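One structure is given below, encoded as C-alpha cells.
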Number of protein chains: 2
Amino acid sequence: MYRTHNCGELRIADVNKEVTLCGWVQRVRNLGGMTFTDLRDRYGITQLVFNIDTNKELCEQARKLGREFVIQAKGVVTERSSKNKDLATGEIEIIVKELNILNKSEIPPFTIEDNTDGGEDLLLKYRYLDIRRRPILKGLQLRNKMSFEVRRYLDGHSFMEVETPMLIKSTPEGARDYVVPSRIHHGEFYALPQSPQQYKQLLMVAGIDRYYQIVKCFRDEDLRADRQPEFTQIDCEMSFVEQEDVLQIFEGLAKHLFKTIRNIDMDFQFPRMVWKEAMEKYGSDKPDIRFGMTIHNITDVAKGHNFKVFDDTEYICSIAVEGAAGYTRKQIDELTEFVKRPQVGAKGLVYIKYNEDGTFKSSVDKFFNADDLKAIADKAEAKAGDLIFILCGKKLQVLNQMGVLRIEMGNRLNLRDKNKFAPLWVVDFPLFEWDDATQRFYAMHHPFTSPKKEDYDILETNPGEARANAYDLVINGIEIGGGSIRIHDSALQVRMFKLLGFTEEKAKAQFECLINAFKFGAPPHGGLAFGLDRWAALMNGSDSIKDVIAFPKNNAARDVMIDAPSAISPEQLDELSLTITPLKSNE
Amino acid sequence: MYRTHNCGELRIADVNKEVTLCGWVQRVRNLGGMTFTDLRDRYGITQLVFNIDTNKELCEQARKLGREFVIQAKGVVTERSSKNKDLATGEIEIIVKELNILNKSEIPPFTIEDNTDGGEDLLLKYRYLDIRRRPILKGLQLRNKMSFEVRRYLDGHSFMEVETPMLIKSTPEGARDYVVPSRIHHGEFYALPQSPQQYKQLLMVAGIDRYYQIVKCFRDEDLRADRQPEFTQIDCEMSFVEQEDVLQIFEGLAKHLFKTIRNIDMDFQFPRMVWKEAMEKYGSDKPDIRFGMTIHNITDVAKGHNFKVFDDTEYICSIAVEGAAGYTRKQIDELTEFVKRPQVGAKGLVYIKYNEDGTFKSSVDKFFNADDLKAIADKAEAKAGDLIFILCGKKLQVLNQMGVLRIEMGNRLNLRDKNKFAPLWVVDFPLFEWDDATQRFYAMHHPFTSPKKEDYDILETNPGEARANAYDLVINGIEIGGGSIRIHDSALQVRMFKLLGFTEEKAKAQFECLINAFKFGAPPHGGLAFGLDRWAALMNGSDSIKDVIAFPKNNAARDVMIDAPSAISPEQLDELSLTITPLKSNE
C-alpha cells in the first residue's frame, strides 16, 4: 500500500494521526529554517513541512524536489499555525518523517497552475499535463458525474442501456460518414455511426420500450470551430408515447442534472415556445431567454415613407437595446460592420436613438419625422434611453440576422450570466425545409419525423406550413438536444417519402432495414438525443467543449498529442486492397 | 398517454381498476364464447379477455388479431378463475372494453417464442424480432444491469469514467487495427482502438488516480467462432497501487456483481494460483476449478520401461477420470481421435483402466506390469474404478493438450454446472514468452508490464523464469479479465525494451507519446480490463456472447441485418483519395 490517505481528505479531526500520502510536488517554499511543500493529487492539496533544525538531511532532500516530482511522504498530521481558508485541508499540515521520491520529472513545458502560460497547441500536445491543472480536471470530473447521474435517472425510469454497433452500413446519403475498410470483405467498408438513429428505432420495434445509450458518434464534417470529429450523445427512445410524455421525462432529467451537478432547484415547468414564435421574437430556433430585447415586426409602420430600402423589402424588424441611446458613432459603425460580415450577411443597419429627453436621432431622419420614429419606437416597445436597431430583408433571413445581433448585444451588455440557466422547449418545428438551390422540400429532421395530426390535411397542399412533432431543449441559447415522435404508420410513411421525392428504390437504399422492420408491428415511438459534450460544457461554464473532453482533437481534426491521423504502412494498405490516389494538381 | 400500466405489473391488488395496456399480441385462443389474448411487452404478459355474449363486435375484432399486431386495450382488471402460477400477472386478467389496433404485422419469419423455429442466420437477419424473444431480451437486460452495477461499484470507489478517443493512431505493430481514412488529411488514417491501454496510462500520468470506462474496442482478427470485430471492455487503471490493491478492489467488484446480478454471496477470498501451478495441475492458464481431475506429472514412474514413446519424451502427465474404468473401446477411441485433432495436436492417447476389482488394463500392457501400473496410478492419485489418461511430449505443449482433454472429460461427466461459479485469480504470469519461430522472447502482456521485484536479478540471465506482476481473473475456466502493474521507472523501462529487442527507434514509433509522458512524473500504477461480453454471457448462462449483444455480427464479421460492410460510392472513394486494388489472382 502506497498511501493511507489522499491529498484532499485530512482535516483537523485527523491531528496526530500517522499518515502516508502520495502525489505531485506543486511547489516548494523555503521560509527560514522551514521548507513547505504543496503535495497535489486529484483530490486536493496537502501541505508538507520539513524543519532544518529537527531533520536536516530530510529537509535538504525536500529542498531538492523539483516541480511535478512524484513523491511519497510519511508523517504526522498537525494543526497549522496559519490556516489557509481556501483549502479544504487548510487547517492541517504534515510534519514529514520520511520522504521517498517515486519518480522525477523534467520541467513541464508550461506551468501546472489554474492560469497557465501555455498556448492551446502546447496544452493539447501535452494534454496529460494539462489535465493535471484544476480547470481541466474539474471539467472531466463534472462530465463523469453528469454521465453517472444521467444513467441513474434513466435507469430509475426503466430505460435500458443497449449498446448499438459502431461498425455499421454507409448509406448513399452518408457523405459525412467516416468509413472503415474491411480486410476480409474485399472492396467493402463499414461506416462509423453519425448517430444510432436507425438502431434505436429498431430497438423500439424489438420491444425494448425504453432505450438509452451514452454513445460516441462520428461526423466527417468540414471543420468549424469547436466541433469534434467524434462526439458523445445521450441517445434515448421510448415506445407508446406522445410528445408530452417525452418532454415530461426529459424535463425531469434536466432538473435532476441541475440539482445534482449544480445544486440548482428548477421547481418550475420549463417554458415552451413554438418554433414560429422563437424565430419571430428571437430570430433563432434556439433563443437565449435569459434576457428580453425581443424582436418586433415593424414592417407596417416602417413602410410607406419613401425610404426605398424599406418599401421594397419583405420584412422589417427591430430590437430595442435598453439604455444604449448614448452609443457613439464608432460603436454603431462597429455593429454595422458586425452585421455586414458574411457570417451574418445583412446589407446594412438602421438605428434610431430614442434619447432620454424624448427626442429621436436616426440614420433615416431624411425619411422619417419624429412622429414616424415614435410610431416605430412604440411598435418596437422601446422607451426613452433605448437604442433601436432595424434590419430588413427576406423574413427568415432577416430574423436570423437580427437574432445574431441580439445575442451580440446581450454579450456586450453582460446580459448572459453563465451562472443563470434558462431552459426552454422549442416545439412545433416545421416538417419540411425549402431548399432554394434544388427547388424542393427536404425533411427538416429526418423522413421518419411525424407530422402533427392537425396538419395531415395540408401535407400535400401547403407543406411549408406543416408542423412536426419535433422538439428541442434549448438552454441559454444553446441547443442541448432534440428529437421527435416518429412515424409508425406505413401508409403515412409512404406518403411522406413521396412528398420528399424519395423513390421506392432510394428509400430502400437508405432505410431498407428499418422499412422492413416496420412491417412486423412497430409501436408508436419517439425520442431524442442530447449532446453530452455541449451540455457538460454549459454546466461547467466553459466556452469550449474541449474543456470537458479528455483528449480532444484540434480544429483540424488532428490529435496533436498522439499524432493522428498518420500514414499507415504499405503492407497495411495492401492487406486492405487500397491504393492512395495522388492529390489532383488543382487542389 | 397510450397506457396506464405495462404488461408486467398488474396484480390481484389492482382488481377493479380501469387500465389501458399496450403491447404485442403473443397469441389468441378461442374457448367457446370466450377469446383470450396474451398481450406482451418488455415487462411481461397480461391476459386480455373478450366475451362473445357481452360484446360480440369487440370479440370478433379480437379474433381477427394476428400474431405480433400492436394493440391498445382498455378494460377492467379482474381476478382470474384459473390462475397461472408461471406468470407474475397470472392471478388477473383484463375484461376488455375497447380495442385499438396501433399497427398490424406481417407473419414473422420465425415464431416469437422461447424456443423458436428460426436458424441462426434468420434470427440474425431479423434480430429486431429475435430480441422480442424472452431469452434474448433477458440477456440484454442482464447486460444492462451489469453495466449499471459496474458503474455504481466503481463510482463508489472513486473511479472516474473518462472517455478516451475512438479515432486514434495506428502503430507499426497494429496489424490488426481497423483503420479510418481521413478525408481532410490526404493519405492519412486514424485507427480504431484495440484497447485504450496507452490512454489509460496517460490518464494516470495526468493524475486521474482511478479511471474506468466501459468502452468499445476493435480488432480485425482472422475469424474464430464467437469473436466479434467490436467488443466491449470494462477498462480500469489505478495509481499508487501494488498488485494486492488491484486484486482487492476488483475482487470486490466481482462479488458485487454476483450479488446484484445473480444474488450469489461470495463471502470468501477468491483462491489464487500461480501460473506455473495452473499449467501443471490444470494444463491451462485459465483453470476451471469447479472440478478436480487435476493433472499429475508421472514422468519419473512412466519412464524406464522400454516404452520408447515415453522414454524419448520430455514430459509425461496424467489425469484420473473418476469412475470411468468401464469406458468402452469405442469411447476411448473417440477420445483418442479428439486429442489427435489438429486443434489439440496430441500424437496419441495412452489409457489405464484401474478396475473396481483392483486389476489394471491398459494400452501399454506390453511394457508395464501390474506393479508398474499401480505405481503410475498412485502417482496419478487414481483409485479403483478410475480411468487414467496419459499424454506425453514437450512440457508446456503436453500440459495444454491434457488441459483440453480435462475440460472435455469435465463436459462429458457433467462436472461443469452453469449455475456454480468458481472464481480464481491466476497470478505470477511469466514476463516473457519464447517464440520458436523468431528465436527470441516477446512480452507476454505488453512491454510496460512490471517484473516482480524478486526477479529483477534474473531478467537478463534467465528471462524465461522471470515473473510479471500480471494477473487474470478466471471464472469457470473462462478468462474474464486481466491486467498488470506497469513499469513507471524509466531505467527499468529502458532495460525492458532492450531485453525485448526494441531499438530506441522502434520503441518511439510505437509508444512515443507514452514514453514522453513518463518523463514528467509518472506515478506507480496498474490496472486491468474485463471483457464485458464474455462476463455477461457467463452470468447469463450463455454459451455464446451473441446472446448478450443487441446487434452482433456473424462469424464472418458481417452484419446480415443491416448488410455491412458494403460497397461505397465512387464519389466517396474519390473524396478519400482511395482506389480499390483488384484482388490478386492467386487469392
If you filter the stretch A:436-484 for GluC sites (Glu not before Pro), then keep DSSP loop positions with at most 13 other Cβ within 10 Å, what is left? A:GLU460
Between A:ASN100 and A:ALA370, 0.36 nm times their residue separation minus their Cα-Cα distance comes to what? 89.1 nm
With +1 assigned to the C-beta of every Lys and Arg and -1 to the C-beta of every Asp and Glu, and no other charges, what is the dipole magnitude of the stretch A:291-416 about the Cα centre in debye, to the nearest 20? 400
How large is the charge dipole for the protein assembly as shown, taken about the Cα centre, if only the Cβ atoms of Lys, Arg (+1) and Asp, Glu (-1) carry charge, to the nearest 20 debye? 1000
Quick check on my link table: of A:LYS546/B:LYS506; A:LYS17/B:LYS200; A:LYS519/B:LYS64; A:LYS452/B:LYS104; A:LYS276/A:LYS508, which ones sit more than 26 Å apart, alpha carbon to alpha carbon? A:LYS546/B:LYS506; A:LYS17/B:LYS200; A:LYS276/A:LYS508
Semi-axis lengths, Å, the stretch B:12-103, gyration tensor of Cα atoms, sqrt of 5 times eigenvalues: 18, 15, 13
Could you run the Debye sum over the Cα atoms of the stretch B:515-587, one equal point scatterer each and no solvent, and tell me log10 of I(q)/I(0) at q = 0.19, 0.21, 0.23, 0.24 Å⁻¹, two decimals? -0.88, -0.95, -1.07, -1.13
Kirkwood hydrodynamic radius over Cα pairs of the stretch A:1-154, then Stokes diffusion coefficient at 37 °C and 0.692 mPa s, in µm²/s: 197
Please name whichever of B:LEU21, A:PRO423, A:LEU413 sits farthest to the positive end of the charge dipole of the protein assembly as shown, dipole taken about the Cα centre and charges placed at Cβ: Lys and Arg +1, Asp and Glu -1. B:LEU21
The stretch A:30-81 and the stretch A:115-130 have their Cα centres apart by a whole-number Å value of 27
Using the C-alpha atoms of the stretch B:106-260, what convex hull volume per residue, in cubic angstrom, is computed? 185
Which value in nm describes the separation of the simple spin-label points at A:LYS56 and A:GLU460, placed 7 Å from the Cα toward the beta carbon? 10.1
Quick one: label points 7 angstrom along Cα→Cβ at B:ASN414, distances to the other copies in nm, smallest first? 8.1
Per residue Cα convex hull volume for the protein assembly as shown, in cubic angstrom? 248
I need two numbers for the stretch A:221-343: Rg to one decimal and Dmax as a whole number, Cα atoms only, in Å. 20.9, 59
Computed over the Cα atoms, what is the radius of gyration of the stretch A:322-476 divided by 2.2 N^0.38 Å, N being its residue count? 1.32
Estimated FRET transfer efficiency when R0 is 30 angstrom, pair A:ALA509-A:ARG224 (beta carbons, to 0.05): 0.55
Positive-end extreme of charge dipole, the stretch A:87-226 - chosen from A:TYR212, A:ASN103, A:LEU123 (charges on Cβ): A:TYR212
Thinking of the stretch A:346-433 as a set of Cα atoms, what percent of all their pairs are more than 16 Å apart? 66
Amide H neighbours of B:ALA325 at under 5 Å, excluding residues fewer than 5 places away on the same chain, with H built from the backbone geometry, are B:ASP386, B:LEU387
A correct Karplus calculation of ³J(HN,Hα) over the stretch A:64-81, with 6.51 cos²θ - 1.76 cosθ + 1.60, θ = phi - 60°, whole Hz and x for Gly and Pro, returns 8, 5, x, 4, 6, 4, 9, 10, 10, 10, 10, x, 10, 6, 9, 6, 6, 7
What's the FRET efficiency of A:ASP300 with A:THR579 using the Cβ-Cβ distance as r and R₀ = 45 Å, to the nearest 0.05? 0.10
Probe 1.4 Å, protein heavy atoms only - accessible area per residue of the protein assembly as shown in square angstrom: 42
Report, by chain and number, residues whose modeled amide H sits under 5 Å from the one on A:ASP559, excluding near sequence neighbours (fewer than 5 apart, same chain). A:ASN554, A:ALA564
Expressed in µm² per second, the diffusion coefficient of chain B from the Stokes-Einstein equation, with Rh the Kirkwood radius over alpha carbon pairs, at 25 °C and 0.890 mPa s, is 86
For the pair A and B, how large is the buried accessible area, both sides, in square angstrom to the nearest 100, if the probe is 1.4 Å? 11300
If you put a point 7 Å past Cα along the Cβ direction, how far is that point for A:LYS138 from the same point in each other copy, in nm, smallest first? 5.0
How are the C-alpha pair distances of the stretch B:179-267 spread across 10 Å bins, as whole percents from the shortest bin up? 13, 29, 33, 18, 5, 1
For the stretch B:192-248, which trypsin sites (Lys or Arg not before Pro) are both in a DSSP coil and crowded by at most 15 other Cβ atoms within 10 Å? B:ARG224, B:ARG227
Reachable lysines from A:LYS383, criterion Cα separation under 19 angstrom, eight or more residues apart if same chain: A:LYS281, A:LYS353, A:LYS361, A:LYS374
If you put +1 on each Lys and Arg Cβ and -1 on each Asp and Glu Cβ, how big is the dipole of chain B around its Cα centre, in Debye rounded to 20? 1340
Cβ-vector label at 7 Å, B:ALA370, separations to other copies in nm: 13.5
Filtering trypsin sites (Lys or Arg not before Pro) in the stretch A:12-64 by DSSP loop and by at most 11 other Cβ atoms within 10 Å leaves A:LYS64
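The values are calculated or read from the model by the stated rules, or taken from the named source; none is laboratory data. On a predicted model such as this, the values are computed, not experimentally measured, just so you know. Note that we place each Cβ from the backbone using ideal geometry, even for glycine, and neighbour counts take in every protein chain shown. Note: areas computed on protein heavy atoms with side chains; ligands, DNA, RNA excluded. Shrake-Rupley method; radii C 1.70, N 1.55, O 1.52, S 1.80 Å.
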